[in-house]
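The next block holds one structure in the form of structure tokens; read it before the comments.
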Ligand code: SF4
């Protein structure tokens, strides 16, 4: 006879053992040489801070972003001279070029005369007051369709149109989603479907709920971000706090982390968020304990050496290095490769099995040897040219695109 309990353990028995929600099913939209949506990788993008008409400065900054791994770049186009610089900028960069338009639909029309890869429109600030037929937006959609250029309908809580704001009382998630859906319907009525949607807010709770609501209703790919996150390091933490729940819900096809100042650090931050949520794993995941008075090895030195030796390795492998036997064996068993330290020695685990002991001075070499074996064993399931979703031996990685 089992002991009566106040907890319903059947909930646990029915719960999935391998965590993780599937990606929000979105249709594919081509942006230059990248395909957004479907099972394609969640592309990392950023935005320049230069005057777009200053071609030299803009191209220099885009090259720095490319060097950091940026996969698409957006430039602002507020003036005719900015639009005039677009062809030259496009010629000199290697990643798709996106034009960002606010207020003036004529700037959108001018930008579309150049070989750009995508246009971003903020529908909330482009319409002529009182024009219920949305002629300005339609004019941009028609030209984008004629040129075969995709468009981001970029709804922003800070610039939502009056009509939906009044309907819902304030720029709340349903108001943002209604705004996006209404503009999607207008674009579709023009026979245009190359759409990407964003629902940004500087309020994490608003943004998360807006994306969740949208994903219940529509299947155009999403550009995700927490807008105006401010100054690092808080801005990185705030972006992660907002983007993680969105990504963990399976939502998001391209990501931008918005940091005050130099845009280059946005790229590493975006890839870190994708790595931590396992939506796009591009490097080994290194698990290390914070250390405490039980520490049995020089963990900081070992991790620093290991990080240097793993640099540039694009393997979705989980490596655990813990400083003593409290959690060491348990973590090591769950990782692909693990070390549990004790008495100046390291117990080495691979695929959950303890395979040997090595002295502290040989731990890093031993881990690297095991990594070579792990790579050979898993060669058949490792992607050749792209990143993977998922990490670790309990969840086999799936080729993401
Ligand atoms: S694994 Fe050991 S050394 Fe590391 S924090 Fe935990 S108890 Fe301390």
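The values are calculated or read from the model by the stated rules, or taken from the named source; none is laboratory data. This structure is a prediction, so every number in the text was calculated from the model and none was measured. Please note: Cβ atoms are built from the backbone with ideal geometry, for glycine as well, and neighbour counts cover all protein chains shown.
Checking 274, 247, 315, 259 one by one, the residue that is surrounded by 18 or more Cβ atoms within 10 Å (Cβ to Cβ) and modelled with pLDDT under 90 is 315 and no other.
Specify which of the listed residues (364, 358) is at pLDDT 90 or above, more than 29 Å from the chain's Cα centre (by Cα) and either assigned to a strand (DSSP E or B) or within 14 Å of the ligand (Cβ to nearest atom) (or both). Walk me through how you get there before you give the answer.
Numbers: 364 fails: either assigned to a strand (DSSP E or B) or within 14 Å of the ligand (Cβ to nearest atom) (or both).
Selected residue: 358, the only one of 364, 358 that is at pLDDT 90 or above, more than 29 Å from the chain's Cα centre (by Cα) and either assigned to a strand (DSSP E or B) or within 14 Å of the ligand (Cβ to nearest atom) (or both).
Here 352, 344 are screened, and the one residue that is within 14 Å of the ligand (Cβ to nearest atom) and touching a strand residue (DSSP E or B) at 6+ places or on another chain (Cβ under 9 Å) is 344. The single condition among (1) part of a loop (DSSP other than H, G, I, E, B); (2) in contact with a helix residue (DSSP H, G or I) (Cβ under 7 Å, 6 or more places away or on another chain); (3) under 27 Å from residue 272 (Cβ atoms); (4) at pLDDT 95 or above that residue 229 does not meet is (4).
Could you go through region 276-290 and let me know if any residue there is assigned by TED's automatic domain parsing to the domain that holds residue 370, within 16 Å of the ligand (Cβ to nearest atom) and in a helix (DSSP H, G or I). Within region 276-290 (the criterion being assigned by TED's automatic domain parsing to the domain that holds residue 370, within 16 Å of the ligand (Cβ to nearest atom) and in a helix (DSSP H, G or I)), the answer is no, since none of the residues qualifies. Filtering region 291-302 down to residues that are exposed (fewer than 15 other Cβ atoms within 10 Å of the Cβ) and within 13 Å of residue 364 (Cβ to Cβ), which residue is nearest to the ligand (Cβ to nearest atom)? Of everything passing the filter in region 291-302, 300 is nearest to the ligand (Cβ to nearest atom).
Taking region 185-219 as the range and being buried (at least 23 other Cβ atoms within 10 Å of the Cβ) and either part of a loop (DSSP other than H, G, I, E, B) or on the phi > 0 side of the Ramachandran plot (or both) as the test, only 201 passes.
When each of 286, 243 is tested for being closer than 19 Å to residue 22 by Cβ, free of Cβ contacts under 8 Å to residues at least 60 places away in the same chain and in contact with a strand residue (DSSP E or B) (Cβ under 7 Å, 6 or more places away or on another chain), the lone residue that passes is 243. How many of the residues in region 76-124 are within 16 Å of residue 53 (Cβ to Cβ) and either within 19 Å of the chain's Cα centre (by Cα) or not assigned by TED's automatic domain parsing to the domain that holds residue 195 (or both)? Number satisfying all stated conditions: 1.
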